[in-house]
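Here the structure comes first, spelled out in structure tokens, and everything after it is commentary.
The values are calculated or read from the model by the stated rules, or taken from the named source; none is laboratory data. Since the model is a prediction, treat every value here as computed from it, not as a measurement. A quick note on method: Cβ atoms are made from the backbone with ideal geometry, for glycine too, and the neighbour counts reach across all protein chains shown.
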Amino acid sequence: MSESMAFRGTTILALRKDGKTVVAGDGQVSLQQTVMKRKARKVRRMHNDQIICGFAGATADAFTLFERLEGKLNEHSGNLLRACVELAKDWRTDRYLRRLEAMLIAASKDQLLVLSGNGDVIEPDEDVAAIGSGGAYALAAARALMAHSTLDAEGIAREAMRVAADICVYTNHEVTVEIL
């Protein structure tokens, strides 16, 4: 598919606050300037509901990565960091996986990680991360809300996603939220 025909954008936000881990994602799928779907589910529970994962990028590519991550989680007894590092190694070195166009956020009760096709496994300094076309907007809003509001983790995620949807044309208000 040419770049002009590529599916574009989304927003995935993950944060941890007061012992709760939240991952939220919008539901919009766009093709050029057309909204193709409003209620896509880009956030999933994995590994006996102990991990939440969200994706930005090509859907088929993301599902391939979800399956690989689930396998790595099983292989490494649910150790999220180890599973993500091993997936990133494969993603970076495997000819097929290198062509995948997606990013992932994976979170457990104790960890929050961002995975990219460049072999990156990033654990943010703060307990918040975001990816996708609206990721920067959601990240900024979530950081401000975490520092200056009394909202709980879910409230912060929902409000930050609302801000992103109000700004990013590739992000909508149909938000899926998963909580650990």
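List every residue pair whose Cβ atoms sit under 6 Å apart, with the two residues 6 or more apart in sequence or on different chains, where the first one lies in the stretch 61-74 and is on the phi < 0 side of the Ramachandran plot and the second, anywhere, is at pLDDT below 85 and surrounded by fewer than 17 Cβ atoms within 10 Å (Cβ to Cβ).
These pairs meet every condition: Asp61/Glu101.
Restricting to the stretch 133-180, and then to whatever is of a type in the set (D, E, K, R) and not in a helix (DSSP H, G or I), can you tell me which residue is nearest to the chain's Cα centre (by Cα)?
Result: Glu178.
So that you can scan it fast, the table gives a plain yes or no per residue for (1) under 23 Å from Leu65 (Cα atoms); (2) in contact with a strand residue (DSSP E or B) (Cβ under 7 Å, 6 or more places away or on another chain); (3) among the β-branched types (Val, Ile, Thr):
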position: Val128; (1), (2), (3): yes, yes, yes
position: Thr150; (1), (2), (3): no, no, yes
position: Ala157; (1), (2), (3): no, yes, no
position: Ile179; (1), (2), (3): yes, yes, yes
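As an exercise: evaluate Leu100 against (1) in a strand (DSSP E or B); (2) among the aliphatic types (A, V, I, L, M); (3) in contact with a helix residue (DSSP H, G or I) (Cβ under 7 Å, 6 or more places away or on another chain) and give the number of the one condition it does not meet.
(1)
So is Ala88 among the small types (Gly, Ala, Ser), in contact with a Gly (Cβ under 6 Å, 6 or more places away or on another chain) and farther than 17 Å from Val177 by Cα or not?
yes
Answer yes or no as to whether Ala130 is part of a helix (DSSP H, G or I) and among the hydrophobic types (A, V, I, L, M, F, W, C).
no
Output the number of residues of the stretch 103-147 satisfying the condition of being under 22 Å from Val29 (Cβ atoms) and in contact with a Pro (Cβ under 8 Å, 6 or more places away or on another chain).
Summing the residues that are under 22 Å from Val29 (Cβ atoms) and in contact with a Pro (Cβ under 8 Å, 6 or more places away or on another chain) in the stretch 103-147 gives 1.
Of the residues Leu80, Leu69, Leu65, which single one is farther than 25 Å from Asp166 by Cβ and either at pLDDT below 90 or of a type in the set (Phe, Trp, Tyr) (or both)?
Being farther than 25 Å from Asp166 by Cβ and either at pLDDT below 90 or of a type in the set (Phe, Trp, Tyr) (or both) holds for just one of Leu80, Leu69, Leu65, which is Leu65.
So, of the residues in the stretch 128-157 that are surrounded by fewer than 18 Cβ atoms within 10 Å (Cβ to Cβ) and touching a residue at least 40 places away in the same chain (Cβ under 8 Å), which turns out to be nearest to Ile52 (Cα to Cα)?
So, considering only residues that are surrounded by fewer than 18 Cβ atoms within 10 Å (Cβ to Cβ) and touching a residue at least 40 places away in the same chain (Cβ under 8 Å), the one nearest to Ile52 (Cα to Cα) is Glu154.
For (1) within 20 Å of Leu13 (Cα to Cα); (2) of a type in the set (Val, Ile, Thr); (3) touching a His at 6+ places or on another chain (Cβ under 7 Å), each residue gets a yes or a no:
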| position | (1), (2), (3) |
| --- | --- |
| Arg44 | yes, no, no |
| Asn48 | no, no, no |
| Leu73 | no, no, yes |
| Leu81 | yes, no, no |
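Inside the stretch 17-76, counting only strands (runs of 3 or more DSSP E) that do not spill past its ends, which hold 3 or more residues that are of a type in the set (Lys, Arg)?
In the stretch 17-76, there are no strands (runs of 3 or more DSSP E) which contain 3 or more residues that are of a type in the set (Lys, Arg).
In the stretch 83-127, what residues are within 20 Å of Thr10 (Cβ to Cβ), without any contact (Cβ under 8 Å) to a residue 40 or more places away in the chain and exposed (fewer than 15 other Cβ atoms within 10 Å of the Cβ)?
Within the stretch 83-127, Arg99, Asn118, Asp120, Ile122 meet the criteria.
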